[in-house]
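Chemist: I'd like to ask some things about the structure below.
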Amino acid sequence: MAQMSLRELLMVSILESLETRKETQALKAKIRALTEHVAIPLTKEIKIGARSP
């Protein structure tokens, strides 16, 4: 394996960090969507069901 220069290592590190940030943002968006479309309505439904005799 060839040795990388400090500059190359820094560049690779920055690119990996940006890719990780992009993946994290995508996951957060999916979590938000699931929360809004599944968890919140389900919680409301459970609360309504708990009030019914």
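Chemist: Calculate the tail of P(r) for the chain: the fraction of all Cα-Cα distances greater than 19 Å, expressed in %.
Modeler: Roughly 59 percent, once rounded to a whole number.
Chemist: Does anyone have the angle between helix 40-51 and the longest principal axis of the chain? Alpha-carbon axes, 0 to 90°, nearest 10?
Modeler: Orientation of helix 40-51: about 30 degrees from the principal axis.
Chemist: Report the residues of the stretch 9-29 in range of a label on Thr35: point 7 Å along Cα→C-beta, backbone N strictly under 20 Å from it.
Modeler: 21-29
Chemist: Once R0 is set to 22 Å, what does the formula 1/(1 + (r/R0)^6) return for the Cβ-Cβ distance between Lys22 and Lys44, expressed as a FRET efficiency to the nearest 0.05?
Modeler: That gives a FRET efficiency of 0.10.
Chemist: Would you kindly derive the ³J(HN,Hα) couplings of the stretch 11-20 from the backbone phi angles with the Karplus curve 6.51 cos²θ - 1.76 cosθ + 1.60 (θ = phi - 60°), listing them in order in whole Hz, with x for Gly and Pro?
Modeler: 4, 4, 4, 5, 5, 5, 5, 5, 5, 5
No value in this document is a laboratory result; all are computed from the given coordinates. Just so it is clear, the structure is predicted and the values come from calculations on it, not from any experiment. Cβ coordinates were reconstructed from backbone atoms using ideal geometry, including for glycine residues, and neighbour counts include every protein chain displayed.
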